[in-house]
Structures are given as C-alpha cells and as structure tokens.
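Q: Submitted below is the structure of interest, expressed as structure tokens.
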Amino acid sequence: MGGPPGKNKRGSSKFSMNRDPFFSNSKRRKKDEDEVIESEEEELDGGMLNGGGESGEEEEEEELEPEETAEEKRQRIAKELVENLRKREKELEDEEDEEGERVFEKEGERDSFVAKKLMQQQLEDSGRLRRAIASRIQKPESVDGFEILVKHRQSVTAICLSDDDSKGFSASKDGTILHWDVDSGKAERYQWPNEEILRSHGSKNPEGRATKHSRNVLALSVSTDGRYLASGGLDRHVHLWDTRTREHIQAFPGHRGPVSCLTFRQGSSELFSGSFDRSIKIWNVEDRAYMNTLFGHQSEVLAIDCLWQERVLAVGRDRSMQLFKVHDESRLIFRSSTSSLECCCFIDNSEFLSGSDDGNIALWGMQKKKPVYIVKNAHALSTDVNNGELKDRGRNYNGHIASSWVSSVGVCRGSDLAASGAGNGSVHLWAIEGAVKGIRPLYDLPLIGFVNSLALAKSGKFLVAGVGQEPRLGRWGHNSAARNGVAIQRLKLL
C-alpha cells in the first residue's frame, strides 16, 4: 500500500527538497541573501571603502599590534639620545678637524667618548660625582649685582626652578603664584579657583584657626618633568597645578597644621610635604593619591629635600635633622646642640648642608651624628647693634637677632657650589670642599631684605633669590628698604 505523500520507502529517490515549503520559499531565501549583502556593504563602508580590501586588512593588523611597553620606550629614548650625542660629536669633530685640533681615527673612539660622557652625566645626576664649579666662578663686579627679575606685592616665601633652568616659579604671602621666564622675566599668574571648584578637587574646610580663605603660600616645588607644580601654605592643603595650563587640578587634605615645605623626588611622581603638625606626608601626583606618613620630629617641620633615592632630609624646631629612609622604614637623627635648624639641602647622597637661627652654617655627613664642619656667625650683621636690637628694626627673637638667621641655603646639584641667605644684606657663595677641608667662603653678593629662598642653576651660571621685607614664617623682623620680589645674579664661569 502506498503511504501518504512525501513518505516513501527507504532508499526511494522520489523525495525532493524543492517540494518542501521550507526549502522552496524563494522569497525568504532572497530576503536573507539581501540582508547578508547589506551587512557586507556596511562593513565595506566602515573599513574598506576608501582603501580597498588590502588596506583594510593592514589597518586591522595595525590595530592588533601591541602597544609600546615602558621598557621598549626607555630603550627607544636611550637610542635616540645616543644617536644625538654621536651626531653632536661628529659635528664637533668636523669643525675641529678644519682647525686641526681633534680627530677621531676610528668610529669606536667616538663611541667610547660618547659612553664616557653618558657615564659622567649619569654619575653627576645621581650625586655620585661632584663637579668642580666653585673654583671657576669669577668674582662678580659691583655693577653686576642682583637685579629684580619679578615683582611681588608682599614678601616672597618660596621659589623653585624647572629642571632645565629655563622657567621659574615664585610665591608670596598674599597667595600670589607666578610662573616666569629666566631670560626675559616675563611672568604669568596662576589663578586660584573658586570654593566650589576647590571642593570638587578635594579641598576640605580646615580645622582650627586657619580659614578657607587663607591663601598665604609658604612652599613650592616643581616636578622633574616640569608638568606639575605643588604649593602649600596656611590652609593646610597641598595644591597641585598643571604648569602647561596654569590650572588647579587637585587639593590634598590631611595635614593638621600649615604646610611649610614641599619637595618632589627627582625623576618620579612622588611628592613629600612637611607641616607644622610635625609630620611628613607622601603623595603620588600621577594617581592623585595619598601614600604614607612619616613621623619622628617633635616640633614643626621647617624644610625638606630629596634627591633620586627614596630618602628625605628634614629639619625642624626640635633642633634635629632627620634622614628618612622610606623604603627601609628607618631614619637617622642628627642633633644640633645649640639652636633651631631653619633650612637644609642635599649636597649629594652622603653630605648635607643646614642653616640655623644662630647664624651658623653646618656641613653634615652620614657617618657622624654631629656636624663635621661649622661656619659660625656666617651672616654677621652689617648694621650697628644697640641692646640686642637692630637700628633697622630687626628684632631679638629666641635669643638671636632675626636679621642674622640663616633662612635659606641652596646647592648647585652635583657640584661643590653652595649659597646661603639671611636678612643681613648679602648672599654668600661657598665652596664645599668635603669633611676634611670643610666650607670655604667665596664671595658676598649684596642684597637688601630677608632672603627667604634660594635656587642655583644646574649650570652654575645664575642664582635666584626670593626676597621680602619680612621673614618667611613670621613678622619678627622688618626692612622697609627691601623690595619684594625675585632677584637674579648672573655668574660668570672661567
């Protein structure tokens, strides 16, 4: 018997897919084909319409290529640096070959010379090799004294230089922050944002006597790459600025007292802040994050400094200088037997310089807890003293005349040249000759006013000073003849 249509015996060849409605629906199949074609056209429009199929495949391959890693980037930059040095030496060789002075016989000799130059530069940058600059300084003539480069309305409290010494930054007691060019003196002002923007950037209402309107800036520091400028003051916040746009980008709360000092670790994004609350805090400016707090000082922290290593040098009114080894979570304590230490700076990784309120400048080493050399009464008063008070309205404070305090010290990084400032009417240049020979005086540079901050160019070709009519941290001295601003002294090298 025959079965229903479509059900044939096994092996029957009468069954056909064309007779099945699913396979015989030509309209639906045509629609599906149209949809597929449309999607292919969309892909053509998106990727291959302009350049053809081959260029599209190349773009896809480019997208799949991995991004450059940090190690590859370092290698590329290093190769570019070496090639630039080779080209420079080749140009110098060609010029001197014409004059008959120096000729490299082989290509390997030039490479060896470039390698030595790179090694010397690395040792100087890391502080393991000290350049001899002090002996090359010519005696400044009287007509080549300090000149006011940038003016401020109130006393300048802090200055700093960019890593290439082309730009400078200064701040004053009225909260003004200026960004200026070293050669021309052209200055641009940083604008403080309103309270709403500050709160959105992390600012909080300070506790205690300080108010949210306290704009008195006490400290500045610029990162090695020149991207970030940090400021701190009476509002107990660390403020972060973008140097390219001069805009405020972040406020770090956390200190319970005024922020008195700031420093970036060289070659990194780590920022250290010292405060009157006796603590030092560590921040990461790239991540906009708080990292750690260092304790140890028993009184206000007044100055800090840092080189390439994770070591922070700090001084305070507890008559001590402390070296914090952040990685090891340890510290070394150096004691000053007589007075409060007002300022400090690294000479290299093993030697430091400090100034105190008794007028002394001290040289310290890692091997001893006491100074290895002291220059007593380094900034003697240039005016008459009458019953412990100056005729120019200097005041006796804490047993010492305010005008003779060593309020700032600075070192030309990686060299033997140093400078110190006070309120006695001059800035002193010094030659650092090590623990055996100590500190040798070079020249006195006349400058009226309280020298609250100093910065020496890496090249040693100029010195900038932040000057004011009053000291940085108070009003216990006043000199009405001083001009508030940034003064620059050009130095000539032999």
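Q: Which value, in Å² rounded to 10, gives the accessible area of ARG199 with a 1.4 Å probe and all protein chains present?
A: For ARG199, solvent-accessible area is about 130 Å².
Q: Roughly how many nanometres apart are two label points built 7 Å out from the Cα toward the Cβ at GLU67 and ASN377?
A: Result: 6.4 nm between the two label points.
Q: Another question, if that's okay. For q = 0.15, 0.29 Å⁻¹, what log10 I(q)/I(0) does segment 421-482 give under the Debye formula with an equal point scatterer on each alpha carbon and no solvent?
A: Here the Debye-derived log intensity ratios amount to -0.54, -1.18.
Q: Which FRET efficiency, nearest 0.05, do LEU118 and ASP328 yield, Cβ-Cβ r, R0 35 Å?
A: Between LEU118 and ASP328 the formula returns 0.70.
Q: Let me ask something additional. For MET321, MET119, MET366, write out the residues from largest to smallest accessible area, computed with a 1.4 angstrom probe and no ligands counted.
A: Descending accessible area places them as MET119, MET366, MET321.
Q: Please report, in debye to the nearest 20, how large the charge dipole of segment 398-494 is about its Cα centre when each Lys and Arg carries +1 at its beta carbon and each Asp and Glu carries -1 there.
A: Computed charge dipole of segment 398-494: roughly 260 debye.
Q: Let me ask you something else. If you count only protein heavy atoms and use a 1.4 Å probe, how large is the accessible surface of TRP364, to the nearest 10 Å²?
A: Near enough 0 Å² of accessible area.
Q: Go through 237-250, 261-274 and give me the packing order, highest mean Cβ count within 10 Å leading.
A: Answer by packing, highest mean first, reads 261-274, 237-250.
Q: A further question follows. By the scheme Lys and Arg +1, Asp and Glu -1, what is the net charge of all other residues having a beta-carbon under 12 Å from that of LEU262?
A: It works out to a net charge of 0.
Q: Under the Karplus relation 6.51 cos²θ - 1.76 cosθ + 1.60, θ = phi - 60°, what is the ordered set of whole-Hz ³J(HN,Hα) values for segment 194-202, x standing for Gly and Pro?
A: Result, rounded to whole Hz: 6, 5, 5, 5, 4, 5, 5, 8, x.
Q: Could you please put THR69, THR176 in sequence from largest to smallest accessible area, using a 1.4 Å probe?
A: Largest accessible area first, the residues go THR69, THR176.
Q: Apply the Karplus parameterisation 6.51 cos²θ - 1.76 cosθ + 1.60, with θ equal to phi minus 60°, to every residue of segment 144-149 and state each ³J(HN,Hα) to the nearest whole Hz, in sequence, with x for glycine and proline.
A: Using θ = phi - 60°, the values come out as 9, x, 5, 10, 6, 8 Hz.
Q: Using a basic spin-label model with each label point 7 Å from the Cα along Cα→Cβ, how many nm lie between GLN309 and LEU494?
A: 3.3 nm
Q: Once the whole set of protein chains is in place, how much accessible area is left on ILE137, using a 1.4 Å probe, in Å² to the nearest 10?
A: Using a 1.4 Å probe on the heavy atoms, I get roughly 10 Å².
Q: Over segment 186-338, what number does the Rg to Rh ratio reach, with both radii from the alpha-carbon atoms and Rh per Kirkwood?
A: In segment 186-338, Rg relative to Rh is 0.97.
Q: HN-Hα J couplings of segment 252-269 from phi, Karplus 6.51/-1.76/1.60, θ = phi - 60°, integer Hz, Gly and Pro as x?
A: Those phi angles translate into 9, x, x, 6, 9, x, x, 7, 9, 7, 9, 7, 8, 6, 4, x, 9, 9 Hz.
Q: Would you pull out the residues with amide H under 5 Å of ARG278's amide H, same chain only if 5 or more places away, H placed 1.01 Å from N?
A: Those lying under 5 Å, H to H, from ARG278 are VAL301.
Q: Relative contact order for segment 172-273 using alpha-carbon pairs under 8 Å, separation at least 6, rounded to a whole percent?
A: 24 percent
Q: Which whole-angstrom value gives the distance between the alpha carbon centres of segment 439-474 and segment 338-385?
A: 15 Å
Q: For TRP476, TRP308, TRP430, give the ranking by accessible area with the largest first, probe 1.4 Å.
A: The most accessible residue leads, giving TRP308, TRP476, TRP430.
The values are calculated or read from the model by the stated rules, or taken from the named source; none is laboratory data. Computed from a predicted structure; not experimentally measured. Cβ sites come from the backbone with ideal geometry, for glycine too, and all protein chains shown count toward neighbours. Ligands, DNA and RNA are stripped out before the accessible areas are found, and what is left, the full protein with its side chains, is counted by its heavy atoms. Shrake-Rupley method; radii C 1.70, N 1.55, O 1.52, S 1.80 Å.
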